[in-house]
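One structure below.
The values are calculated or read from the model by the stated rules, or taken from the named source; none is laboratory data. In this text the structure is predicted, and so the values were computed from the model without any measurement. As a convention, Cβ positions derive from the backbone with ideal geometry for all residues, glycine included, and neighbour counts pool all protein chains shown. All accessible areas refer to the heavy atoms of the entire protein, side chains included, with ligands and DNA or RNA removed. Shrake-Rupley method; radii C 1.70, N 1.55, O 1.52, S 1.80 Å.
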Amino acid sequence: MKSELFSIGPFHVYGYGLMIGIGIIVAFFVAMKRAEKKGMNGDLIFSAGLFGLIGGIIGAKLTFYLTEIPAIIEDPSMLWDFANGFVVYGGIIVGILTAYIYLRIKKTEFLPVIDLVVPSIALAQGFGRIGCFLAGCCYGRETHAWFGVTFPEGGLAPAGISLIPTQLISSAGDFLLGILLIFLAGKKRNRGLITGLYFLLYAVGRFLVEFLRNDPRGNVGVLSTSQFIAIFMAAAGIVLIALSPKWGSPQGEDKAAEKKAAQEAGVQEDADQGVDQ
């Protein structure tokens, strides 16, 4: 629950940054392995993910600025703090949009790629929320329940007060969502279904967790900014789920997988013939 985990000489390792880094590595590793298994273009997936990552970081930061305009007016130095202050929703939206633009330029179908990638996004978010816990940001309301967590001095959360560990609740939900989507994607699914489920389930989970949080994060009427955005994200998920039967399954992906299976079968047949001879 401390922001700095350890130091090696002049280098300081912070929990938030470390977990974000681990999340990114795991996300790319899982996506590339699943792309290979499905016979998809691994280089294209990696490039789309890289552009999406860059766009996501920019989007998360810009969204934070939008939600903190009054505070920035009072203290403009916040604009130069690039280590803290990111909004996940902005990262998701701009990251996916950036990947979409890249794939359009490459004349590659978008939905099969994003369906492959969103489970990895959920897993990365799970690690990111552990980072939030270590830094003390995104903290919950005060509680006297057994599961309350008391943060030490030096973090972003109020010290010495038992708080609901909303970061860990979010992390568990993100990991479960990522695993569920990977399991569902293992079956033959229509284009857009996995992405639609991610949008819908993540939005519902985030909307509910927001009731437990107590950190300053902006409001739109009686809703937090994240709850307001969650409504539109859930609606987008429902639309994608509804349209997915119309789009059908990713035939290109199926053909690539069939071709790979045929090649492997051919290699095995040649090997068997060699043994017979």
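Yes/no matrix, rows are residues, columns are (1) basic (Lys, Arg); (2) over 21 Å from Gly56 (Cβ atoms); (3) modelled with pLDDT of 95 or more:
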position: Leu97; (1), (2), (3): no, no, no
position: Arg104; (1), (2), (3): yes, no, no
position: Thr108; (1), (2), (3): no, no, no
position: Val113; (1), (2), (3): no, no, no
position: Ala122; (1), (2), (3): no, no, yes
position: Phe133; (1), (2), (3): no, no, no
position: Glu142; (1), (2), (3): no, yes, yes
position: Phe147; (1), (2), (3): no, yes, no
Legend entry - Search result, residues across the range 112-154 that are assigned to a loop (DSSP other than H, G, I, E, B), more than 21 Å from Leu53 (Cβ to Cβ) and under 21 Å from the mean Cα position of the chain (by Cα): Gly136, Tyr139
Legend entry - Which listed residue, of Leu134, Leu163, Leu156, Leu111, is of a type in the set (A, V, I, L, M) and within 30 Å of Ala236 (Cβ to Cβ): Leu111
Inset, instruction - Could you list, in sequence order, all residues of the range 210-219 that are open to solvent by 20 Å² or more (accessible area, probe 1.4 Å) and either part of a helix (DSSP H, G or I) or in contact with a His (Cβ under 6 Å, 6 or more places away or on another chain) (or both)? - result: Phe211, Leu212
Legend entry - Cβ-Cβ under 6 Å pairs, at least 6 apart or on other chains, the range 181-193 side within 14 Å of Ser244 (Cα to Cα), far side part of a loop (DSSP other than H, G, I, E, B) and at pLDDT below 90: Lys188/Ser249; Asn190/Gly248; Asn190/Ser249; Arg191/Pro250
Inset, instruction - Among the numbered conditions (1) within 30 Å of Lys187 (Cα to Cα); (2) under 20 Å from the mean Cα position of the chain (by Cα); (3) modelled with pLDDT under 90, tell me where Phe46 comes up short. - result: (3)
Inset, instruction - Quick one: which residue in Ile121, Ile194 is open to solvent by less than 40 Å² (accessible area, probe 1.4 Å) and among the aliphatic types (A, V, I, L, M)? - result: Ile194
